[in-house]
Amino acid sequence: MERTYISELKTNIGKTVRVRGRVDTIRDQGKIVFMVLRDISGKVQTVSWSGGNIEVFNIVKALIPESVVDITGLVKEAKQVASGYEIEIQEIKIDSVSKTPLPIVIEQPYSKNISNLDKRLDYRWVDLRSQRNSLMMMVGTEILNRFREYFIDNHFVEIQGPRIISAASESGASVFEVKYFDRKAYLAQSPQFHKQMGIAADLDRVFNIGPVFRAEKSFTTRHLTEYTSLDIEMGYIDSFKDVCRFEQEAIKYVLKGIKEKYGDAIKTVFGVEVKVPEGDFPYISVKEAKEKLSKEGIPSKDTGDFSPEEERAISDIMEKETGCEFVFIHDYPHKRRAFYHMKDSNNPEFALGFDLFWKGLEITTGAQREHRLEHLIESAKERAIPEESLKEYFEYFEYGCPPHGGFALGTERFLMKLLDFGSVLETTYLPNTPNRLGKLINVKKTK
RNA sequence: GGGGUGGUAGCUCAACUGGUUAGAGCUUUGCACUGUCACUGCAAAGGUUGCGGGUUCGAGUCCCGUCCACCCCGCCA
């Protein structure tokens, strides 16, 4: 018999079905046992009596929670049950027995003692069984699906830049060195140069969704050493604002889709209302932002960038002023941005780039790129970046390159903000951080 | 990398100024229960107090070192 998902049972009342999944809870009443079965689509109560199939009854009575079972039974109406129906088990097969007790608590809506995050990550495959986490994974899937859909509908071509590269790319951010046969190589910190190659290759608009690596010892709720970057680059723009507008529309499209598909579930499980922004996201210059912060008495140590406190405050201020959770910040000093950002010809101190903040967190950096080789070389010189390390990159501009710009969005950060999680470690399937490689904790000791 | 807080049972935590046998809730195990649904009731099990050293008659508690986690900062997406 074919398997029926638990979510489909309500249309199968009166029928015999096969359901497969995990033993969620057992309520043994002596001569009647209720067992709640769980699969990816939901939960259902099953019932068996001592007066019914005694063989089945004995197996159910002895089940260990979190074991995997294969059940055939009759779906019947049951007024006593909240859902209105239950399954009377006719056959049961145990596919896999769970050890007990579990090493962590699987989070329930009523959970009081939720295990610590690091312990949960050690047993991530158990942790992800919770409704909260499986919904988080499904929403994450839909986010990438919608972005990809939007890009393809807007003439984008998908590329997969190499993750192992020969020269440490772009800024001073530390890179992971790897052994590549008999030479040194590096893990890509960003697909930036290869996106731009796509523009020089006349692919016109390209996107790249994939892992990037940062060898930074950052212990925060928003940094990972490996994360999934959503990168785009678009040709023939007139201004970085074309890039902003594109990103804004893409985000609206994504959030609209999420709201339609998961809005109710997100509201129930996370208590978060998915808001689809209307109209344009506000733009504000660094200078204006600093003035607003100063009025609110928020201290500033740096005129060219924002501290996390300032990021949160400026988001709050702008949301109150405009009702929008998003805000674009522009007119950053060029010397504080990547060398490939184009300079503002009216004021070369400024870069034609932007950051996008969402609910107090930077989720994107973008810019119009410098496509004129002489200017690009000059910018690299200003940063004292050895020309030799950029030789290959510079060549992309030698045979003509359209004006272009793009952005990178941190997908884990996006999901974190959407569902109001406290850390990107929670919105990553298996987060890598300076002290954690998958389940392998305490990396230093194994050196 | 800098600053702060912490590490005690499978999980979440308590243990006063250093003082008898380190406690509780949940989980687990056993028994009872034919309509439970965060089942209930009774009973039991469960500990090298992160690791290494020191002070003391005596250390979960104080000191030094070390590892790890969490929060804040730096770096960024």
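The values are calculated or read from the model by the stated rules, or taken from the named source; none is laboratory data. This structure is a prediction, so every number in the text was calculated from the model and none was measured. Glycine gets a Cβ as well: all are built from the backbone with ideal geometry, and neighbour counts include every protein chain shown. All accessible areas refer to the heavy atoms of the entire protein, side chains included, with ligands and DNA or RNA removed. Shrake-Rupley method; radii C 1.70, N 1.55, O 1.52, S 1.80 Å.
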Residues of segment A:86-203: accessible area per residue with a 1.4 Å probe, Å²: 55 Å²
Chain A: antiparallel bridges as % of DSSP beta bridges, rounded to 5, reads 90 percent
Once the mean 1/r over all distinct Cα pairs of segment A:216-342 is inverted, what Kirkwood radius in angstroms do you read off? 17.2 Å
If each DSSP helix of 4+ residues adds -39,500 (n - 2.57) and the sum is divided by the residues in chain A, what number results at 222 nm, nearest 500 deg cm²/dmol? -9000 deg cm²/dmol
Protection proxy (average C-beta count within 10 Å per residue), highest first, orders A:419-425, A:402-408, A:251-257, A:320-326 as A:402-408, A:251-257, A:419-425, A:320-326
Among segment A:134-164, those whose backbone N falls under 13 Å of a label point 7 Å along Cα→Cβ from A:GLU260 are A:146-147, A:149-150
In the structure shown, of A:LYS275/A:LYS320; A:LYS259/A:LYS290; A:LYS10/A:LYS31; A:LYS252/A:LYS292; A:LYS61/A:LYS119; A:LYS241/A:LYS292, the pairs separated by more than 24 angstrom at the C-alpha atoms are A:LYS259/A:LYS290; A:LYS10/A:LYS31; A:LYS252/A:LYS292; A:LYS61/A:LYS119
If N is the residue count of segment A:332-423, its Cα Rg over 2.2 N^0.38 Å rounds to 1.28
Here, chymotrypsin sites (Phe, Trp or Tyr not before Pro) of segment A:138-217 satisfying both criteria (DSSP loop; at most 12 other Cβ within 10 Å) are A:PHE181
How far apart, in nm, are the 7 Å Cα→Cβ label points at A:ILE114 and A:LYS15? 3.8 nm
Please get the size of the charge dipole for segment A:115-231, origin at its Cα centre, with Cβ charges of +1 on Lys and Arg and -1 on Asp and Glu, quoted in debye to the nearest 20. 460 debye
Please give, to one decimal in nm, the separation of the simple spin-label points placed at A:LEU144 and A:ALA62, each 7 Å out from Cα toward the Cβ. 4.3 nm
Let me check I've understood the local charge: for A:VAL33, count other residues with C-beta under 11 angstrom from its C-beta, Lys and Arg +1, Asp and Glu -1. What total comes out? +2
Rounded to the nearest 0.05, what FRET efficiency do A:GLU387 and A:SER307 have when you use their Cβ-Cβ distance and R0 = 25 Å? 0.15
Starting from the eigenvalues of the Cα gyration tensor, five times each then square-rooted, give me the equivalent ellipsoid semi-axes of chain A, largest first, whole Å. 50, 24, 21
Hull-based mean projected area of segment A:72-187, where the convex hull spans the alpha carbons, in square nanometres: 15.6 nm²
From zero outward in steps of 10 Å, how is the percent of C-alpha pairs of segment A:1-141 spread across the bins? 11, 40, 34, 14, 1
Choose one of A:VAL47, A:VAL36, A:PRO277: the residue whose Cα lies farthest towards the positive end of the charge dipole of chain A (beta-carbon charges +1 Lys, Arg; -1 Asp, Glu; about the Cα centre). A:VAL47
Roll a 1.4 Å probe over the protein heavy atoms and report the accessible area of A:ILE159 in Å², nearest 10. 30 Å²
For segment A:298-410, what is the accessible area per residue in Å², given a 1.4 Å probe and the full set of protein chains? 46 Å²
Keeping all protein chains in place and using 1.4 angstrom, which order do A:TRP49, A:TRP125 fall into by accessible surface area, from largest down? A:TRP125, A:TRP49
Name the GluC sites (Glu not before Pro) in segment A:369-416 that are in a loop by DSSP and that have at most 12 other C-beta atoms within 10 Å, would you? A:GLU398
Give me a comma-separated list of calculated 3J(HN,Hα) values for segment A:2-12, in order, Karplus coefficients 6.51, -1.76, 1.60 applied at θ = phi - 60°, integers in Hz, x for any Gly or Pro. 6, 6, 10, 6, 4, 5, 8, 5, 5, 9, 10
Hand me the GluC sites (Glu not before Pro) from segment A:251-314 located in a DSSP loop with no more than 15 other Cβ atoms within 10 Å, in residue order please. A:GLU273, A:GLU278, A:GLU296
For segment A:1-114, size of Cβ-based charge dipole, Lys and Arg +1, Asp and Glu -1, in debye: 180 debye
Once Rh is set to the Kirkwood radius over Cα pairs, what Stokes-Einstein translational diffusion coefficient, in µm²/s, holds for segment A:264-405 at a temperature of 4 °C and a viscosity of 1.567 mPa s? 76 µm²/s
Subtract the Cα-Cα distance of A:LYS179 and A:LYS217 from 0.36 nm times their separation in residues, and report this length gain in nm to one decimal. 11.6 nm
Just to confirm my numbers, what's the Cα centroid distance between segment A:182-255 and segment A:63-124 in Å? 40 Å
Heavy-atom accessible surface of chain A: percent carbon and sulfur, 1.4 Å: 51 percent
